[in-house]
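Below: the structure, in structure tokens.
The values are calculated or read from the model by the stated rules, or taken from the named source; none is laboratory data. Keep in mind it's a predicted model, so treat the numbers as computed, not measured. Cβ placement follows ideal geometry from the backbone for every residue including glycine, while neighbour counts extend to all protein chains displayed.
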Amino acid sequence: MHQKTLKHLALRKSGYTLDHELYCSSETFQDDLEEVFFKEWLFVTPACELPKKGDYVTYNIANYRMIIVRGNDDEVRAFHNSCRHRGSMICREAKGFAAKLVCPYHNWTYDFDGSLVWAVIWGMTLIQKIMDLSKFIARIYQVLFISVWPIKHRI
Ligand code: FES
């Protein structure tokens with residue numbers, strides 16, 4: 001935790017509101033992300049928002065952009081909404097349906113399990129498993145929860 005946040009918390013008076021600085025400080029905002037939001041399961045969407053294969057929603061947690069998509073095997077998975085080629089955002093809409101996840105920049109194409117199924121580099125068609133989309137951990141129980149923690153800490 002940042003020293004600035006700790007200092008303001010230490011100076012807190014019981015029965016009074018928190019210091020104004022705690023509401024406006026970028027260090028405190030980062031502390032909130034690290035200590036609360038990145039460690040907890042976060043509600044993303046009700047499962048009924050993704051009824052069919054290929055239905056997706058996009059979601060942002062701080063600087064993490066995500067695609068949550070129902071796959072051909074009916075599993076719901078979450079990926080970084082960032083192409084493995086040059087990092088372009090793959091899905092730009094808040095929700096929708098796709099036959100595949102296709103990057104709008106150079107058309108690298110990913111399946112709903114995140115695997116790269118088509119790409120062209122320097123005129124050659126390329127399929128490499130190492131270029132699959134990066135995953136987030138997702139849990140679904142009628143509603144979908146996402147955790148950033150394993151990504152942040154490489155678990
Ligand atoms: S950035 Fe996605 S295909 Fe090039």
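Table for the structure above
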{"item": "Filter pass, residue 60 being away from the ligand (no atom under 13 Å from the Cβ), surrounded by fewer than 13 Cβ atoms within 10 Å (Cβ to Cβ) and outside any loop (DSSP other than H, G, I, E, B)", "result": "yes"}
{"item": "Some residue of region 77-98 being of a type in the set (Ser, Thr, Tyr), in contact with a strand residue (DSSP E or B) (Cβ under 7 Å, 6 or more places away or on another chain) and either within 20 Å of residue 49 (Cα to Cα) or assigned to a strand (DSSP E or B) (or both)", "result": "no"}
{"item": "Positions within region 64-104 being in contact with a Phe, Trp or Tyr (Cβ under 6 Å, 6 or more places away or on another chain) and within 10 Å of the ligand (Cβ to nearest atom), in sequence order", "result": "83, 85, 88"}
{"item": "Subset of region 1-22 (residues that are in a helix (DSSP H, G or I) and surrounded by fewer than 11 Cβ atoms within 10 Å (Cβ to Cβ))", "result": "3, 10, 20"}
{"item": "Residue in region 105-121 that is away from the ligand (no atom under 16 Å from the Cβ), surrounded by fewer than 20 Cβ atoms within 10 Å (Cβ to Cβ), not in a strand (DSSP E or B) and not β-branched (Val, Ile, Thr) present", "result": "yes"}
{"item": "Matching entry among 126, 133, 42 (being crowded, with 18+ Cβ neighbours inside 10 Å and either within 13 Å of the ligand (Cβ to nearest atom) or at pLDDT below 90 (or both))", "result": "133"}
{"item": "Residue within region 97-104 that is among the aliphatic types (A, V, I, L, M), in contact with a Gly (Cβ under 7 Å, 6 or more places away or on another chain) and surrounded by 13 or more Cβ atoms within 10 Å (Cβ to Cβ) present", "result": "yes"}
